[in-house]
Amino acid sequence: MNEISIILIEDHDLTRMGLRAALQAHSALKVIGEAANATQGLKLLETAKPDVAVVDIGLPDMDGIELTRKFKRHQAESGQTGTKILILTMDHTEDAVLAAFAAGADSYYMKETSISKLTEAIQATHGGNSWIDPAIANVVLRKMRQGIPGESQGSDKTPKTVKIEALASEYEQVLETYPLTQRELEILELIVAGCSNGQIAEKLYITVGTVKTHVRNILNKLCADDRTQAAVRALRSGLVA
């Protein structure tokens, strides 16, 4: 298996050195560059073209969210789409989480989580699967709930739907034809909360088979490969304000 190339954009020297040493110890990972601020980081991203960039949110000259936004714009203009952005932070406030994903971050990782989990997050991000740190799952859930209009009204007999906006054009037609139902939104919330199919069935008083059908429909409608990607795609594309 080819090594995953990584650059580190982190202003604290000791933190950056520790990350580099830990990641380099993993045979499947290779740190190919480092930057101590956003200006250097942007230049390095554009020239080194790593598989994954680990970006600290609290950079001195420009925060990691703005760096991500500028780099994603550069990717769109240049067609250089290979690099994924993993935000590294201790900030799990709602504003920071939502701003990071809105800027185009692929994953969001809390610094206090173990280094072994960081390697998993990097590998998942490189594979196209967004990593949502468990510490911010409640933020995603809360915002999703706010994005459900008339949540307390009506019944399953006349299911409400929520249209998904701001997706790639090839996905929009699917969602216009097959919008998410109220039940699918409920299941999506429980997926983000980490519930298994059995737990979802128990909470909603439906069978596991029915849950599996709903999950399959959710993934298809959001054009997602797995549950985590579905949650991030929903967050970015209009289920939340």
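If I model a spin label at residue 196 and residue 25 as a point 7 Å from the Cα along the Cα→Cβ vector, what separation in nanometres do I get?
Simple spin-label model gives 3.2 nm for this pair.
Mind running the shape call on the range 1-69? Use the C-alpha gyration tensor, a ≥ b ≥ c as the square roots of the eigenvalues: rounded below 1.5 for a/c, prolate if a/b tops b/c, oblate otherwise. Walk me through the numbers before you get to the answer.
Working: a/c = 2.40, a/b = 1.45, b/c = 1.66.
In terms of gyration-tensor shape, oblate.
Work out, step by step, the length gained on full extension between residue 43 and residue 111: first 0.36 nm times the residue separation, then minus their alpha carbon distance; give nm to one decimal. Provide the component values of the computation, followed by the final result.
Numbers: separation 68, 0.36 × 68 = 24.48 nm, distance 2.44 nm.
22.0 nm is the gain from fully extending residue 43 to residue 111.
Packing-wise, with mean Cβ within 10 Å as the measure, how do 209-217, 41-49 rank, highest first? Present the calculation step by step, with values, prior to reporting the outcome.
Details: 209-217: 15.6, 41-49: 17.3.
Answer by packing, highest mean first, reads 41-49, 209-217.
Highest mean first, what order results for 50-61, 113-124, 94-105, 19-30 on Cβ atoms within 10 Å?
On the way: 50-61: 21.4, 113-124: 16.8, 94-105: 19.6, 19-30: 15.1.
Highest to lowest by the protection proxy: 50-61, 94-105, 113-124, 19-30.
Report, in listed order, any pair from 84/203; 111/212; 30/70; 30/111 with a Cα-Cα distance greater than 30 Å. Please list the in-between numbers first.
Numbers: 84/203 35 Å; 111/212 34 Å; 30/70 25 Å; 30/111 20 Å.
Those over the limit are 84/203; 111/212.
Residue 3 versus residue 204, label points 7 Å from Cα toward the beta carbon: distance in nm?
Reported label-point gap for residue 3 and residue 204 is 4.5 nm.
How big is the Kirkwood radius of the range 4-144, worked out from every pair of different alpha carbons and given in Å to one decimal? Write down the numbers at each step before the final one.
Details: mean 1/r = 0.0677 Å⁻¹.
Over the range 4-144, the inverse of the mean reciprocal pair distance is 14.8 Å.
Readers should treat all values here as calculations from the given coordinates under stated rules, not as data from a laboratory. Bear in mind the structure is a predicted one, so any value in this text is a computation, not a measurement. Because the Cβ atoms are built from the backbone with ideal geometry, glycine has one as well, and the counts that use them run over all protein chains shown.
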